[in-house]
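What follows is one structure encoded as structure tokens, with my remarks underneath.
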Amino acid sequence: MSVPHMREASSSSSLQLCRVMRPDDANIMGNVHGGIILKMIEEAGGIVGTRHCNTLNGDRCWVALVRVEKTEFLFPVFIGEVVHVSAEISYTSKHSLEVQVKVVAENILTGMKKLANKAALWYVPCSLQNADKILEVPPIKYADAEQEEEGRKRYEAQKIERQGTKARLEEAIPPPPNPEEAPKERHTVGFSQSSLIHLVGPSDCTIDDYVYGGVTMKLMDEVAGIVAARHCNTNIVTASVDAINFHRKIKKGCVVTVTGRLTFVSNKSMEIEVLVDAASLVDKEKGRYRAVSAFFTFISLDKDNKPLTVPPLKIEGEDEQRRSDEGKARYVQNKAKRLADKERRQ
């Protein structure tokens with residue numbers, strides 16, 4: 001039996017959650033879905049952020065997720081392992097806060113532990129009386145001036161990057177073709193493109209009737225996984241997620257359409273663009289809008305969880321070529337960053 005557990009830290013700025021991974025958390029090969037881990041990461045971040053922002057007298061609030069920095073899935077997590085998620089507030093600006101999250105997977109039979117994930121999430125506090133009103137964040141104490149300055153630099157960098165994504169907000173993405181009209185040629189973008197339509201219910205939402213960021217990320221990972229599996233027809237797992245930007249809030253009663261398409265394929269990885277659009281079932285005048293966007297990277301595994309070669313992507317048309325070139329540039333940049341980080345650790 002899986003029993004969720006929370007150990008409350010001595011400060012409102014940190015928290016730890018843990019629970020056993022169950023069969024319904026994983027794919028048929030026993031690998032826990034990346035979306036499950038992302039959902040747990042956001043749950044921990046949301047709790048510690050909301051708790052911290054309600055330490056002062058005044059309006060009560062909940063924290064809304066606005067961005068998740070690039071997240072590496074360092075090791076796969078399996079059924080039966082205990083996942084420990086620790087979250088700590090690492091920086092506060094006037095109206096936002098950064099939460100650093102670590103995920104450790106424990107094999108309780110052998111006692112072995114592994115760092116499975118690390119993530120940095122940015123939240124803003126929204127008033128319970130008026131969801132569009134952003135409240136001030138109580139400041140935290142830093143160990144020294146250098147720690148505060150490093151946090152400020154991260155804050156400025158993510159702010160610039162979030163603003164840079166606005167040009168793509170309304171980019172149209174065609175719906176995937178009906179099965180009868182789907183491209184017959186494998187390994188094309190159209191062959192693997194997939195969509196998921198979800199009606200937002202009460203269980204998906206905060207106490208203020210807005211969707212949890214973790215719920216959205218789980219849906220995004222599911223769609224990206226379907227795209228990757230259709231392209232490879234093998235066991236696939238999430239390797240990393242580029243920055244996830246939450247552009248607009250999604251309210252209870254909305255219908256969300258989560259669409260994924262391949263953008264770039266390297267020798268052993270696949271980049272999948274995932275876009276989330278939302279539309280109210282009640283208020284038709286508001287129309288459909290872009291709510292979230294991100295790039296997911298998946299890898300293909302053999303029966304021993306070793307990476308397999310990925311079939312190359314067949315590019316059709318100028319738009320697909322442009323997206324592929326942009327994806328290749330991100331791939332080269334991320335690879336160079338990983339190598340630089342590895343050299344610094346040695």
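The values are calculated or read from the model by the stated rules, or taken from the named source; none is laboratory data. Since the structure is predicted, the reported quantities are computational estimates derived from the model, not experimental observations. Please note: Cβ atoms are built from the backbone with ideal geometry, for glycine as well, and neighbour counts cover all protein chains shown. These accessible areas exclude ligands, DNA and RNA; they are computed on the full protein's heavy atoms, side chains included. Shrake-Rupley method; radii C 1.70, N 1.55, O 1.52, S 1.80 Å.
Descriptive notes on the structure:
- Dipole of the chain, positive end: most advanced residue of I299, S324, Q129 [Cβ charges, Cα centre]: I299
- Amide H to amide H distances under 5 Å link A291 with V276, D277, A278, where only residues 5 or more positions off or on other chains count and H is placed in the peptide plane.
- Binned Cα-Cα distance frequencies in the range 14-142 - 5 Å width, integer %: 2, 11, 20, 20, 15, 12, 9, 7, 3, 1
- Qualifying trypsin sites (Lys or Arg not before Pro) in the range 84-163, where qualification requires a DSSP coil assignment and no more than 10 other C-beta atoms within 10 Å, comprise K94, K141.
- Rounded percent of accessible protein surface that carbon and sulfur make up, the chain, 1.4 Å probe: 54
- Applied to the range 301-315, the Karplus parametrisation 6.51 cos²θ - 1.76 cosθ + 1.60 on θ = phi - 60° returns per-residue 3J(HN,Hα) values of 10, 8, 5, 9, 6, 9, x, 9, 5, 9, x, x, 8, 8, 8 Hz, with x for Gly and Pro.
- In the full protein context, the chain carries 52 Å² of accessible surface per residue, based on a 1.4 Å probe and ignoring ligands, DNA and RNA.
- Expressed in units of 2.2 N^0.38 Å, where N is the residue count, the Cα radius of gyration of the chain is 0.99.
- Ordered from largest to smallest accessible area (heavy atoms of protein chains, 1.4 Å probe), the residues E81, E136 come out as E136, E81.
- Taken about its Cα centre, the chain carries a charge dipole of roughly 400 debye when the Cβ of each Lys and Arg holds +1 and the Cβ of each Asp and Glu holds -1.
- Positive-end residue of A145, A119, I226, charge dipole of the chain with Cβ unit charges: A145
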